[in-house]
1. Fewest first, what order do 157, 103 take by the number of other Cβ atoms within 10 Å?
2. How far is it, in nm, from the label point at residue 156 to the one at residue 64 when both lie 7 Å from their Cα along the line to the Cβ?
3. Can you tell me the order of 82-93, 51-62 when each peptide is scored by its average per-residue count of other Cβ atoms within 10 angstrom, highest first?
4. Label residue 128 and residue 91 with points 7 Å out from Cα along Cα→Cβ: what is the distance between them in nm?
5. Among 131, 46, what is the fewest-to-most ranking by other Cβ atoms within 10 Å?
Amino acid sequence: MIVTVALMRHGGSHLIRPIVSNMGVERILEPGKFECPIDQAEGPVIVFIRDPRDRMAATLRWWMAREKGRRYGTEPDDRLAGMLVDEGFLEHMLQWSRIWCVWPGALTVRFEDMRSDGPREVGRIANHLGIPVEDPVAAFEAVYGKGRTYTGKHSNWKDYFGPKSLAAWDAHGGPELLGIMGYA
């Protein structure tokens, strides 16, 4: 079976591979990698999403430790506004979500739901793939901790978005992105 997995994060394949590695994953598609047009997807499609504001905050934290992120100033709000506008992150996420988040018949799995009730989400994934799972808790425990984050923490966008970045978010399609992804 070929399973198409779309992830809304770069390098995110390490989060899903432990869950579905034994299920015959053939494609892992991340932002910027649109190799599988909608009409060419084979088998079930699973779309993993995360609140895009939290995704931006996580990227900001990663950037703040690197020279590239420093060119926008020292304040997180300035840096985030620069990322949203100059780096085109919002446009990039909009392009990705317009393809994957509206895919008919796709199973959408939210990062937040995986954190709050992982066993239920693993059961949903298995059910979508037609794979019987007698004990979703045991299945989840087998993969729990296999994923990782850059800092080991999960971002809260409210800690990073200020007036400048909120204005950039609104001006460059943020509300549309939230609507497409079901976070509005």
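1. 103, 157
2. It is 1.4 nm.
3. 51-62, 82-93
4. Taking the simple label geometry, residue 128 and residue 91 are separated by 3.0 nm.
5. 131, 46
The numbers here are math on the coordinates, done by the rules we state, and not lab data. Keep in mind that this is a model prediction, so the values were computed, not measured. All Cβ positions, even for glycine, are placed from backbone atoms using ideal geometry, and neighbour counts span all protein chains on display.
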